[in-house]
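Comments concern the structure below.
The values are calculated or read from the model by the stated rules, or taken from the named source; none is laboratory data. Note that the structure is a prediction, hence the values are computed from the model and not measured. Glycine also receives a Cβ, built like all others from the backbone with ideal geometry; neighbour counts cover every protein chain displayed.
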């Protein structure tokens, strides 16, 4: 039996790592969309994060500096999107697509000299006794700190949206920007801040790929992770924990199909490679298809430009 | 004379191309019910936006309690005791009642305490509300309560109400007035914006009338007749539409026991709707917003397909046909939302004329558009319905609400239909344009077409309808002759005031 050669503990450990970059990007985009902005530039911001994080980490020797740089890099690119869509009132869909193309091209340009280099290693977090628990220790408690911080971030975003006043204002702006403006909230300010948060998260997700998951810099290395993050947000009905479940499902299938490839299953490699995308979207569609339930949660002003005219 | 609360001195605000307010001055006393009266576009909204800090005046001063008052933003106005209930509610469908209230407050208490205070205040003023419900599920009347409660929680000194009764049943209006009188007796001044004269005469003790951005008079509305007020407001003498008497003809449209799910998660599904419409008949359908009007229009126009035999046009089943198929057979429709539904905002009037008329008027042949013919068709509409615009090349977006409404209704009437369905034909349209539109509908009925008017304006329905029905939570009442119906009867047909009665009786 081929599956017998796959160790479940290793599988779980690997899926958490595989899911983290997508989850980071998705949770950032979730906030952006909750504020009523559709930023399709996630892929571009991720890859910019991947390359800036990589360059800074290699030159400074510190993965931490790399991650900070990646967040700032992603944020810088998102500010370009904010400038286009919030100040210059351009179309969000077109601007987002342009942002992705721009990010892919720019990252290839500035990353030219860094192909083939190994980045400084990010240490695994030492959790002492926890790591010694059989199975769980290997599967769940043997990761780098970013994996845990990402889970904490999902919790923080969930709490922020559900319980904090700032989160309520953000939802209000995304739900009905005219009403929010009428009550005296700064629609554009809220949206620019949300876009920046989304950019920083996407940047971190990209850096996780280039500094930990792969770890190397290659051109176009995000291979659609940003698009999966975007799909996750929609199919998770804009709920943080559901987005996390979706990301872990995607990570799980990615790892499983890699293992199956390695084990030499007689399914063409192309089918295995496309399976994570197919399965994740299929499962999420089924979950969110409960008759208009999913769309009920969609922010009312999503992708509608706001202009304070009267 | 009461102590003055708010004094306005020479407020002026100009937008590019239009002076919205020109040197407006008046005073509101403490606890006074002050009406602000004017047509659409007279500058009422701009004026109250200045008081509420949403718009900054170009010139002029305001004094509150004798001190200079120049709010730079709404939160500053709220801190000074000015609260506002908006015409288009400033509510968030996907948030619950308590969250909606909290968003309109400066320093809201924790949500749990707030829920209790919402219950207390809503009971005290006879406005029952459940703080945990999603606003998207509430009726228009309940949504307005959310807005009012939001204001009351902040102990306002001045409460601005922008057209508050346009979405209420007559019974709900009575209860709102009870609440407002109670507030006024407790010393809260109310600035009441409306163009409904009888309401103002019943409620207010002073009225300021605006026309074209200028103040034309301040008077005691109880001492003027509704007619005098209307003429001050409009600046001309109005004639009610004429209706030629005619015998009833054959049935042109029949809907038989139709139930249809809404296409909108917050919408209202139609339940067992039946009615018939005859040649030359004007059927008025009343109802508070959100009781299935949109769905009824979509179903009749063909945008929401229905089981084929349930909808019959001149005896033919048409339920399965889309809008183009029905239009070809002689059924046309003009929806409520002018921009984006009836007309494409960024297309010219010519193109918009083409969109609905191409097949019936033969404006396209073999897939090619005959632009010359289309443009002359658009010109005909513009000329016949007195659409004020430089020409048919103008974008639909650039027209004022009333002018665009004349265009989209005129476009359908020019198709010479057998049945026309209109939803809110004169909503937000000034009195002169409204009279033109009503007259055009009556003329069409006079020529033998069946006319179905869905509207929330009861006066309009009583003025033009032969028969009358009401929508209530997706159910249509039996059709009754319009002659002899009182406003009370209609209110009961529309579903009365629901649970609000009980609360007021309990607190009385």
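Screening the candidates B:442, B:415, B:452, B:461 for the property of being touching a residue at least 60 places away in the same chain (Cβ under 8 Å), in contact with a strand residue (DSSP E or B) (Cβ under 6 Å, 6 or more places away or on another chain), assigned by TED's automatic domain parsing to the domain that holds residue B:341 and assigned to a helix (DSSP H, G or I) yields one hit, B:461.
Would you confirm, using the coordinates I've provided, whether residue B:404 is in contact with a strand residue (DSSP E or B) (Cβ under 8 Å, 6 or more places away or on another chain), over 24 Å from residue B:39 (Cβ atoms) and part of a helix (DSSP H, G or I)? It is false that residue B:404 is in contact with a strand residue (DSSP E or B) (Cβ under 8 Å, 6 or more places away or on another chain), over 24 Å from residue B:39 (Cβ atoms) and part of a helix (DSSP H, G or I). Within this structure, residue B:268 passes the test of being in a loop (DSSP other than H, G, I, E, B) and either buried (at least 19 other Cβ atoms within 10 Å of the Cβ) or at pLDDT 90 or above (or both). The listed residues are A:129, A:88, A:109, and the only one of them that is under 30 Å from residue B:72 (Cβ atoms), out of contact with any helix residue (DSSP H, G or I) (no Cβ under 7 Å at 6 or more places or on another chain), more than 14 Å from chain B (Cβ to nearest Cβ) and exposed (fewer than 14 other Cβ atoms within 10 Å of the Cβ) turns out to be A:88.
For the range A:205-249, the set of residues classified as in a loop (DSSP other than H, G, I, E, B) and closer than 12 Å to residue A:47 by Cβ consists of A:217, A:218, A:219, A:220, A:221, A:222, A:223, A:224, listed by residue number.
Is it the case that residue A:194 is in contact with a helix residue (DSSP H, G or I) (Cβ under 9 Å, 6 or more places away or on another chain), assigned to a helix (DSSP H, G or I) and within 14 Å of another protein chain (Cβ to nearest Cβ)? Answer is no for this residue.
Just to be sure, is residue A:147 within 14 Å of chain B (Cβ to nearest Cβ), out of contact with any strand residue (DSSP E or B) (no Cβ under 6 Å at 6 or more places or on another chain) and part of a helix (DSSP H, G or I)? It is false that residue A:147 is within 14 Å of chain B (Cβ to nearest Cβ), out of contact with any strand residue (DSSP E or B) (no Cβ under 6 Å at 6 or more places or on another chain) and part of a helix (DSSP H, G or I).
Scanning the range B:12-44 for residues that are within 14 Å of another protein chain (Cβ to nearest Cβ) and surrounded by fewer than 21 Cβ atoms within 10 Å (Cβ to Cβ) turns up B:14, B:15, B:16, B:17, B:18, B:40, B:41. Can you say whether residue B:410 is closer than 30 Å to residue B:18 by Cα, part of a helix (DSSP H, G or I) and at pLDDT 90 or above, as far as the supplied structure shows? Criteria met by residue B:410.
Being buried (at least 19 other Cβ atoms within 10 Å of the Cβ), under 24 Å from the mean Cα position of the chain (by Cα) and assigned by TED's automatic domain parsing to the domain that holds residue B:412 is a condition met by no residue of the range B:310-330. Among all residue pairs at least 6 apart or on different chains, which show Cβ distances below 6 Å where the first residue, located in the range A:286-304, is farther than 17 Å from residue B:267 by Cα and the second is modelled with pLDDT under 70 and surrounded by 12 or more Cβ atoms within 10 Å (Cβ to Cβ)? From the range A:286-304, the pairs are A:288/A:294.
Checked across the range B:159-177, the condition of being buried (at least 21 other Cβ atoms within 10 Å of the Cβ), more than 27 Å from residue B:495 (Cα to Cα) and in contact (Cβ under 8 Å) with a residue 24 or more places away in the chain holds for at least one residue.
Filtered by the rule that a residue be within 14 Å of chain B (Cβ to nearest Cβ) and modelled with pLDDT of 75 or more, the range A:264-310 gives A:298, A:299, A:300, A:301, A:302, A:304, A:305, A:307. Of everything listed in (1) more than 11 Å from chain A (Cβ to nearest Cβ); (2) outside any helix (DSSP H, G or I); (3) touching a helix residue (DSSP H, G or I) at 6+ places or on another chain (Cβ under 8 Å); (4) over 18 Å from residue B:179 (Cα atoms), the single unmet condition for residue B:106 is (1).
Being in contact (Cβ under 8 Å) with a residue 40 or more places away in the chain, crowded, with 19+ Cβ neighbours inside 10 Å and within 20 Å of residue B:383 (Cβ to Cβ) is true of residue B:356. Tell me the residue from B:64, B:91, B:111, B:127 that is in contact (Cβ under 8 Å) with a residue 12 or more places away in the chain, over 15 Å from residue A:176 (Cβ atoms) and crowded, with 22+ Cβ neighbours inside 10 Å, please. Result: B:127 is the single residue among B:64, B:91, B:111, B:127 that is in contact (Cβ under 8 Å) with a residue 12 or more places away in the chain, over 15 Å from residue A:176 (Cβ atoms) and crowded, with 22+ Cβ neighbours inside 10 Å. In the set B:183, B:232, B:191, B:197, only one residue is at pLDDT 80 or above and out of contact with any strand residue (DSSP E or B) (no Cβ under 6 Å at 6 or more places or on another chain); that residue is B:183. Being at pLDDT 80 or above, touching a helix residue (DSSP H, G or I) at 6+ places or on another chain (Cβ under 8 Å) and either buried (at least 18 other Cβ atoms within 10 Å of the Cβ) or not in a loop (DSSP other than H, G, I, E, B) (or both) is the requirement here; does residue B:208 meet it? Answer is no for this residue.
Can you tell me which residue is nearest to residue B:119 (Cα to Cα) among those in the range B:70-101 that are more than 25 Å from the chain's Cα centre (by Cα) and facing chain A (nearest Cβ under 7 Å)? Result: B:99.
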